[in-house]
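These notes are about the structure you will find just below.
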Amino acid sequence: MSPLKFVPLSGFRANQMASKGNKESVVTAVERILDNYLEMNHHRKTPERYTILRAIYGINGHFTLEELNDHLAQVLNFPVSRATLYNTINLFLELRLVTRHRFQGTTKYEACYDNNSHCHQICTMCGKVTEVKSQEITRAVENMHLRRFRKDGFTLYVYGVCSTCQTKMKKRSKGDKTDKQEQSKQNK
């Protein structure tokens, strides 16, 4: 793929600008970024690219490519080939309109124009991913001074065990203790 000739709005400023508007203004902004890139690089403006972009920005949270493909085919009645989907996602990754995450052996994506900086908590037992809003962490990263480096955003992953899995582990642990006590009584 040719090197990018267009650099989209990025970083904390873009995040602040987008957070002031509603979802429609975000979609308009990302469509404009895509328009500019396609025009400057003499690529075609295909309906597939724009439909995939709107679908991504219509999804709340993380998604796999399979989930996106299903959404396009079943909900929007707009099936696309796997190659088109992969190539378009790669373009959006280059333009920084989409972020790729590798969670516990699975790859997920999310729209990132209006959400460049955020935290995830990931359960190491069940794989559940939850986004966490933390102004303290955001401020700490914004105030961090790095040498010869411009910050555009961040993603923080916090690994642990969710409350549901903790409850299951406690029940299992109590069950194991009860079983051992019963076996011990039977052996006496």
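The values are calculated or read from the model by the stated rules, or taken from the named source; none is laboratory data. Everything numeric in this text was worked out from a predicted model, so none of it was measured. So basically every Cβ, Gly included, is an ideal-geometry build from the backbone, and we count neighbours across all protein chains shown. Protein only, heavy atoms only, side chains kept; ligands, DNA and RNA dropped before computing areas. Shrake-Rupley method; radii C 1.70, N 1.55, O 1.52, S 1.80 Å.
General observations
- Accessible surface of GLU39 - all protein chains present, 1.4 Å probe, nearest 10 Å²: 100 Å²
- Potential extension, ARG172-HIS101 segment - 0.36 nm per residue separation minus Cα distance: 22.4 nm
- With θ taken as phi - 60° and the Karplus curve 6.51 cos²θ - 1.76 cosθ + 1.60 applied, the whole-hertz 3J(HN,Hα) list for region 95-112 is 7, 6, 8, 9, 10, 9, 10, 10, 9, 6, x, 10, 9, 10, 10, 7, 5, 10 Hz, x standing for glycine and proline.
- Note on region 111-174: Lys pairs 8 or more places apart or on different chains, Cα atoms under 20 Å apart, count 4.
- Fully extending the segment from THR155 to THR46, taken as 0.36 nm per residue of separation minus the present Cα-Cα distance, adds 36.1 nm.
- Surrounding net charge for ALA55, when Lys and Arg each add one and Asp and Glu each subtract one, Cβ distance under 12 Å: -1
- Relative contact order (percent, whole number), region 51-109, Cα cutoff 8 Å, 6+ residue spacing: 33 percent
- Heavy-atom accessible area with a 1.4 Å probe sorts PHE149, PHE154, PHE92, largest first, into PHE149, PHE154, PHE92.
- Beta bridges by DSSP in region 61-160, antiparallel share as percent, to the nearest 5: 60 percent
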